[in-house]
Amino acid sequence: GDVARFFIDNGLNAKQASSMTGVLQTISSLNPNKPGGIAGYPIGSPRYARFISYAQRLTPTKNFYDADLQLMFIMTELHTSQKTAYFKLLMSNQIDGNLYGENIDGIDKKGNGMVAALVKYFVHPDTPCSKGQAEGIAKGVYGGLGAL
């Protein structure tokens, strides 16, 4: 959907965008009104504070609850404070993974390496996110994108 296309428009390939979407949907059902936003930043955490500060710089044009503002902040994070997560995402080649895939920092090669990398490096440690559920959603999103 729209979230995956946002990430594609911002330089991710279809598998990476689908993985990002699966993780965010698992965390928040992509509801920008959820406390902590679509990425589920724990209230009071430094990442939450940076999110609020970012949103305030774009007021009054945008506000905290705009999904596009939250997605823009996530892209900003991937290029700044969450560069490691971005690098791991780019290194993980397969949405379906395989036994001969690259083993990145002990991340299990079976299943979606991209989702595993995001859950390990991008998702805040205090934010619940089911890797299995995110993988299932990512597969569905990827299938729904068709041939891009």
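Miscellaneous remarks
- Segment residue 67..residue 83, full-extension length gain: 3.6 nm, with 0.36 nm per residue of separation and the alpha-carbon distance subtracted.
- Net charge, residue 127 excluded, C-beta distance under 14 Å - Lys, Arg +1, Asp, Glu -1: +2
- Model label zone, residue 126; criterion: amide N under 17 Å from point 7 Å along Cα-to-beta-carbon; scope region 51-69: 51-53
- Listed residues 84, 61 arranged by accessible area, highest first, probe 1.4 Å: 61, 84
- Computed from label points 7 Å out along Cα-Cβ, the spacing between residue 59 and residue 91 is 3.9 nm.
- If the chain linking residue 31 and residue 10 were pulled fully straight, counting 0.36 nm for each residue of separation and taking away their Cα-Cα distance, it would gain 5.5 nm.
The values are calculated or read from the model by the stated rules, or taken from the named source; none is laboratory data. Not measured: the values here are computed from a predicted model. Note that each Cβ is placed from the backbone with ideal geometry, even for glycine, and that neighbours are counted across all protein chains shown. Note: accessible area is taken over every heavy atom of the protein model, side chains too, but ligands, DNA and RNA are not part of it. Shrake-Rupley method; radii C 1.70, N 1.55, O 1.52, S 1.80 Å.
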